[in-house]
Amino acid sequence: MPKVVVVGSINMDLVAQAGRFPAPGETLSGERFVTCPGGKGANQAVAASRLGAQVVMVGAVGNDAFGRELVDGLDREGVVTRHVKVVDDIATGVALITVAGGENTIVVIPGANHTLTPADVEAAEADIASADVVLTQLEVPLATVEATAALAEKHGVPLILNPAPAIKLPAELLARASLLTPNEHELAIVLDQPDTPFPDLLAQLPGKVVMTRGEHGAYHVDTAGAFYHQPGCKVDAIDTTGAGDTFNAALAAHLQQGLKPAMHAAAAAAALSVTRFGAQGGMPTVGELATFLAEQTA
Ligand code: RIB
């Protein structure tokens, strides 16, 4: 059972489902509304826990109903929440999500997530030191992500950085990450090379990037310069929210088995995650993933 420490965001997702996306300035009648737990950090924590990892979450919520509900939910999923702080006077992060035709648009209001400091991560140093993998994203302050990377490096623990939402990454952070997991669009932003084809971008960071590309799967260029493609799995997509988070969690949970087996498990877990509604709704358990992988090879 690998130990995974996740440093990241915790949001309540306010999700409207509609037949299509509204145009700017348009009012559209939707089909249903639900609130469900989300946030890239919390999603990755829950997905890793369902896949059998021992997960410690470092994050922040507001002292409000959403915050309490989200921490309770993480507890129920078996995620250790002793490093999730509760802050007064700032609301829990929320994400306004529209789902239409299996695709989504998301606006995130970070709220309490932006109060997560380097000191909060340093308070979790003992957990980071004993982790097999540290997993983080960019929905908490960059200084906090940088402190996470410094601690992971100090203790020789591999760091997976999911650079979402994407920014051009500082060179030191790029160097400290063991693996970056952008999608195609994010990779171009991270390297600030908007017009370069993704195979050329991957070749610039050999051994460093696992790039996701939705239903097409994931891509990697190894340290020897060899190009590797992990195909995606064909499924009927209901809601793609959280698919990238599931991919990252599965990659972290399986990393000790080697990168290619981890990419295979991650592609399958991500495919399963889109077959149900909500960011965390379709995240598979160990058993569900094993059954799906067996069906794929049968
Ligand atoms: O990756 C999906 C997540 O992004 C959603 O759950 C939402 O909260 C945003 O953080």
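Things worth noting here:
- Any hit, the stretch 20-40, residues being within 21 Å of Ala147 (Cβ to Cβ), in contact (Cβ under 8 Å) with a residue 12 or more places away in the chain and crowded, with 21+ Cβ neighbours inside 10 Å: yes
- Hey, Gly59 touching a residue at least 60 places away in the same chain (Cβ under 8 Å), within 14 Å of the ligand (Cβ to nearest atom) and in contact with an Asp or Glu (Cβ under 6 Å, 6 or more places away or on another chain) or not: no
- Applying the criterion of being part of a helix (DSSP H, G or I) and within 13 Å of Gly214 (Cβ to Cβ) to the residues of the stretch 230-261, the residue that is nearest to the ligand (Cβ to nearest atom) is Gly244.
- Residue selected from the stretch 202-229 under the condition in a loop (DSSP other than H, G, I, E, B) and among the small types (Gly, Ala, Ser), by the criterion surrounded by the fewest Cβ atoms within 10 Å (Cβ to Cβ): Ala224
Residues checked against (1) within 26 Å of Ala253 (Cβ to Cβ); (2) within 15 Å of the ligand (Cβ to nearest atom):
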{"site": "Gly67", "(1), (2)": "no, yes"}
{"site": "Gly73", "(1), (2)": "yes, yes"}
{"site": "Glu77", "(1), (2)": "yes, yes"}
{"site": "Val87", "(1), (2)": "no, no"}
{"site": "Gly93", "(1), (2)": "yes, yes"}
{"site": "Thr98", "(1), (2)": "no, yes"}
{"site": "Asn104", "(1), (2)": "yes, yes"}
{"site": "His114", "(1), (2)": "no, yes"}
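- Extreme residue, nearest to the ligand (Cβ to nearest atom), among residues of the stretch 218-229 that are more than 19 Å from the chain's Cα centre (by Cα) and aliphatic (A, V, I, L, M): Val221
- Just so you know, in the stretch 101-117 the residues that are modelled with pLDDT of 95 or more and not in a strand (DSSP E or B) include one that is surrounded by the most Cβ atoms within 10 Å (Cβ to Cβ), and it is Leu116.
- Test: residue in the stretch 155-175 that is of a type in the set (S, T, N, Q), crowded, with 24+ Cβ neighbours inside 10 Å and over 15 Å from the mean Cα position of the chain (by Cα): no
- Taking every residue in the stretch 226-247 that is closer than 21 Å to Leu202 by Cβ and pairing it with any residue that is within 15 Å of the ligand (Cβ to nearest atom) and part of a helix (DSSP H, G or I), at least 6 positions away or on another chain, the pairs with Cβ-Cβ distances below 6 Å are Ala243/Ala270; Ala243/Ser273; Phe247/Ala266; Phe247/Ala270.
- Here Ala23, Ala53 are screened, and the one residue that is more than 16 Å from the ligand (Cβ to nearest atom) and farther than 23 Å from Ala271 by Cα is Ala23.
The values are calculated or read from the model by the stated rules, or taken from the named source; none is laboratory data. This is a predicted model, so every value here is computed, not measured. A quick note on method: Cβ atoms are made from the backbone with ideal geometry, for glycine too, and the neighbour counts reach across all protein chains shown.
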